[in-house]
Amino acid sequence: MKDDHCIFCRIANGEIPARTLYEDERFRVILDNGPATRGHALILPKEHYADIYALPDDLAADAMVLARKMAGRMHEKLHCDGFNIVQNNGTVAGQTVFHFHIHLIPRYKGDGQTIGWQPGSPSAEELDQTLQDILVE
Ligand code: 5GP
Ligand code: ZN
């Protein structure tokens, strides 16, 4: 399944050149061209799935194993001090390309990036309600 209008389909399948760190039958890993830090890379499945909700389980599993392997390799080669693995779904969550991808972001002391959120302070009742909302069949 491939979408000719999708930039990541075209990159993942080799129609548009990209700086490729790794490739196999299911994935291509490329350097992000607007990197948060040195080495910021993207895991792209070769098949088109818009987001995590659309992803088949076996592809999700393989993607996470690949993320772990890439993080290990990049940590060893780049000598980064930490590592963020980020995956955005939906515009409100920061997704700009609607082809599932995983960000691999090496972190360095003093790199000046902030990847995070402001902690909230819900009441116990609110947390209980949230729990029920998620658990309900
Ligand atoms: P999102 O915001 O959807 O989670 O992430 C999209 C990422 O793709 C951004 O970090 C952006 O810099 C990167 N990106 C967008 N277009 C291209 C491209 O054509 N080539 C490469 N290498 N990266 C891209
Ligand atoms: Zn696509």
Difference of contour (0.36 nm per residue) and Cα-Cα distance, Asp51 to Ile7: 14.4 nm
In Hz, Karplus ³J(HN,Hα) per residue of the range 19-29 (6.51, -1.76, 1.60; θ = phi - 60°; x = Gly, Pro): 6, 9, 8, 6, 8, 9, 5, 9, 9, 10, 10
Other-chain or far-sequence residues with amide H under 5 Å of Leu21's (modelled H): Val29, Ile30, Leu31
Degrees between helix 124-135 axis and first principal axis of the chain (Cα, 0 to 90, nearest 10): 50
Residues of type lysines that Lys69 reaches as a straight line, Cα spacing below 24 Å, ignoring anything fewer than 8 places off in the same chain: Lys46, Lys77, Lys109
Gaussian network model of the chain, Cα within-10 Å springs - most flexible of His79, His40, His101: His79
No Cys partner within the rule (Cβ under 4.7 Å), the chain: Cys80
Volume per residue that the Cα convex hull of the range 1-123 spans, once the total is divided by residue count, Å³: 134
Built amide H within the under 5 Å cut-off of Asp3, gap 5+: His48
Value of relative contact order over the chain, rounded to a whole percent, pairs C-alpha under 8 Å and six or more apart: 23
Nearest 10 degrees, 0 to 90: helix 57-78 Cα axis against the chain principal axis: 70
Where a label projected 7 Å from the Cα of Thr114 along Cα→Cβ would reach, residues of the range 27-68 with amide N under 18 Å: 36-37
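Throughout, read-outs are computed from the coordinates displayed, never taken from laboratory work. It should be emphasised that the depicted structure is a prediction, and the values quoted were computed from it without experimental measurement. Methodologically, a virtual Cβ is constructed for each residue, glycine included, from the backbone with ideal geometry; neighbour enumeration extends over all protein chains shown.
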